[in-house]
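Student: Have a look at this one.
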Amino acid sequence: MEELITEEVFAAPQWQKITYRIVSLLVFALGINVLMIKNGGWIPFLAPLIFFIAVSMLVYTRQKLIISNSEIRFVGGFKSYFISWTDITKIDMVRLGKYKTPTVTIYYSGGKLDLNKSYYLEPQFTRMLSLMETRINPELYTKRYWDVRNQITKNLV
């Protein structure tokens, strides 16, 4: 396992963050307008759901994956993960959904962390995979991981 030269931070693209922040403000304003409806019957009960959606969109823009020599950190969401390289027990990757989006699952002593390619741009996702491959023992990767990894590599070329 090689040492990493520097700590690398992976996050959603800037245009996506700006768009989600603007839309979350609009959704929040919608929630306020729903609360101001006087004779709406059951409609004001939608306000908590609307506020939850607005907060979730705002939190989504703050998520970051940080890969360093000592650990993998996933911060900014509702739950933060701090995974030491030695805690990792297995890494798997599957293709999910209609568009067969790759999702990496990192199993560690305290649970698991899913990293979905749809959140990151293609170059960021492949860079994340290559950094993890330099730090983690190759025996911890499943056969399915390598199959999907080869499919992703073929699609890039």
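Student: Could you tell me what percent of the accessible area of the range 87-147 is made up of carbon and sulfur, with a 1.4 Å probe and every protein chain present?
Tutor: Of the solvent-accessible surface of the range 87-147, carbon and sulfur hold 53 percent.
Student: Could you tell me the accessible area of ILE152 in Å² (1.4 Å probe, neighbours in place), rounded to the nearest ten?
Tutor: 10 Å²
Student: Can you give the calculated 222 nm mean residue ellipticity of the chain, where each DSSP H run of n ≥ 4 adds -39,500 (n - 2.57) and the sum is split over every residue, rounded to the nearest 500 deg cm²/dmol?
Tutor: The per-residue figure over the chain is -13500 deg cm²/dmol.
Student: Using 5 Å bins from zero, what percent of all Cα-Cα pairs in the range 78-123 falls into each bin?
Tutor: 5, 19, 25, 23, 18, 8, 2
Student: OK, next. Subtract the Cα-Cα distance of LEU140 and VAL75 from 0.36 nm times their separation in residues, and report this length gain in nm to one decimal.
Tutor: Length gained, LEU140 through VAL75: 21.0 nm.
Student: Also: Let's see if you can work this out: charge +1 on each Lys and Arg Cβ, -1 on each Asp and Glu Cβ, no other charges. What is the dipole magnitude of the chain about its Cα centre, in debye to the nearest 20?
Tutor: 660 debye
Student: Something else: Rolling a 1.4 Å sphere over the protein heavy atoms, what is the accessible area per residue of the range 25-157, to the nearest Å²?
Tutor: Each residue of the range 25-157 exposes 59 Å² on average to a 1.4 Å probe.
Student: Roughly how compact is the chain, stated as its Cα Rg over 2.2 N^0.38 Å to two decimals? Spell out each step's value before the answer.
Tutor: On the way: Rg = 19.3 Å, N = 157, 2.2 N^0.38 = 15.0 Å.
This ratio for the chain stands at 1.28.
Student: Along the positive direction of the dipole of the chain (beta-carbon charges: Lys, Arg +1; Asp, Glu -1; about the Cα centre), which of LEU129, ILE37, SER56 reaches farthest?
Tutor: Value: ILE37.
Student: Which one, TYR81, VAL148, VAL9, is farthest towards the positive end of the dipole of the chain when Lys and Arg carry +1 and Asp and Glu -1 on their Cβ?
Tutor: Looking along the dipole axis, the top candidate is VAL148.
Student: Can you grab the distance from the C-alpha centre of the range 1-69 to the C-alpha centre of the range 80-125, Å, no decimals?
Tutor: First find each Cα centre; the distance between them is then 21 Å.
Student: Of SER56, SER68, SER109, SER80, which has the most accessible area with a 1.4 Å probe, and how do the rest follow in descending order?
Tutor: Largest to smallest exposure gives the sequence SER109, SER80, SER56, SER68.
Student: To the nearest 10 square angstrom, what accessible area does PHE51 show with a 1.4 Å probe?
Tutor: 50 Å²
The values are calculated or read from the model by the stated rules, or taken from the named source; none is laboratory data. If you're wondering where the values come from, they're calculated on a predicted model, not measured in any experiment. Backbone-built Cβ (ideal geometry, glycine too); neighbour counts: all protein chains shown. Accessible surface areas use protein heavy atoms only, side chains included; no ligands, DNA or RNA. Shrake-Rupley method; radii C 1.70, N 1.55, O 1.52, S 1.80 Å.
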